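Let me begin by presenting the structure, written as structure tokens, before commenting on it.
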Amino acid sequence: MSGPAVGGTGVRVLVVEDDQVAADAHALYVDRVPGFTAVGAVHSLAEATRVLERTRVDLLLLDLGLPDGHGLRFARGLRAAGHPVDVIVVTSARDLAVVRESVSLGVVQYVLKPFAFPTLRERLLRYAEFRQAAGEAAGQDDVDRAMAALRAPRPAELPKGLSAPTLDRVAALLRAATEGLTAAGAAEAAGISRITARRYLEHLVDTGRADRTPRYGQVGRPELHYRWLAAATGSVSNV
């Protein structure tokens, strides 16, 4: 998906990301979430400005390092102009000063790259819950519940047959293995079967925490080798 595509219903989302492959992937993720429609994937702030001028956009998935400027300066300009669009920052920037500035500008979520679909889905559903809150708060509890919709993500359910403690154990082993692990190596270290170890390793790949590459030996089929992704952070049981 490249360039804005006007149309669709629900929360209308514009992806602003300089990497075309990532932008297209994020737009596809958005379209997979019920109630959300990606109206475009653009690669610069100038393109984003043009889209915002001619079509309704409810939410920006905004990268920070764009070729023609910084995403937070762009967000600040939108706020100063009174533009009602909401912003979810999607970035690899881990500087907490940047996070604080994002909060001060009213950014509703801050998502670290790389991430898998379940992470973005959770943030979007939380945003939808917050957006749908209406009426007058009866008291502080109502206000706290509305704010918690943005700030307290629920743990995602694990696939059937996987347990959080075993997943955390396999992830810790993989994280500590500088050269990576095979399913057989993970099984031996974790005290589980090879088939079970592979299920957990594949889940880590599916959720963007690990990658896998085939290793070719002298004979037979290649063996899959799993490696923890250095950029992956947080509790693996919550993705």
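The values are calculated or read from the model by the stated rules, or taken from the named source; none is laboratory data. As the structure is a prediction and not an experimental result, all values here were calculated from the model. Because the Cβ atoms are built from the backbone with ideal geometry, glycine has one as well, and the counts that use them run over all protein chains shown. These area figures cover heavy atoms from the full protein model, side chains too; ligands, DNA and RNA do not enter into them. Shrake-Rupley method; radii C 1.70, N 1.55, O 1.52, S 1.80 Å.
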For the range 94-136, accessible area per residue (1.4 Å probe, heavy atoms of protein chains only), Å²
55 Å²
Shape category assigned to the range 7-82 from the gyration tensor of Cα positions, a/c cut at 1.5
oblate
Nearest 0.05, what FRET efficiency do His70 and Ala176 give at R0 = 41 Å with Cβ-Cβ as r?
0.70
So what's the gap between the Cα centers of the range 165-223 and the range 60-125, to the nearest angstrom?
33 Å
Rounded, prolate or oblate: which fits the range 164-208 when a ≥ b ≥ c are the square roots of the eigenvalues of the alpha-carbon gyration tensor, with rounded for a/c under 1.5 and prolate only if a/b beats b/c?
rounded
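With a cut-off of at most 13 other beta carbons within 10 Å, and DSSP calling the residue loop, which trypsin sites (Lys or Arg not before Pro) in the range 36-140 qualify? Please list them. Walk me through the numbers on the way to the answer.
Values: sites: Arg50, Arg54, Arg56, Arg73, Arg76, Arg79, Arg94, Arg100, Arg121, Arg123, Arg126, Arg131; in loops: Arg56, Arg94.
Hits after loop and neighbour filter: Arg56, Arg94.
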Using the Karplus curve 6.51 cos²θ - 1.76 cosθ + 1.60 with θ = phi - 60°, work out ³J(HN,Hα) for each residue of the range 72-79 in order, rounded to whole Hz, and write x for Gly and Pro.
5, 5, 5, 4, 4, x, 5, 5
Sites Tyr216 and Val21, calculated FRET efficiency, Cβ-Cβ separation with R0 35 Å, nearest 0.05
0.85
How far apart, in nanometres, would the label points at Ala97 and Glu129 be if each is projected 7 angstrom from Cα along the Cα-to-Cβ direction?
3.4 nm
How would you classify the range 1-136 from its alpha-carbon gyration tensor, with a ≥ b ≥ c the square roots of the eigenvalues: rounded for a/c under 1.5, else prolate if a/b is greater than b/c, otherwise oblate?
rounded
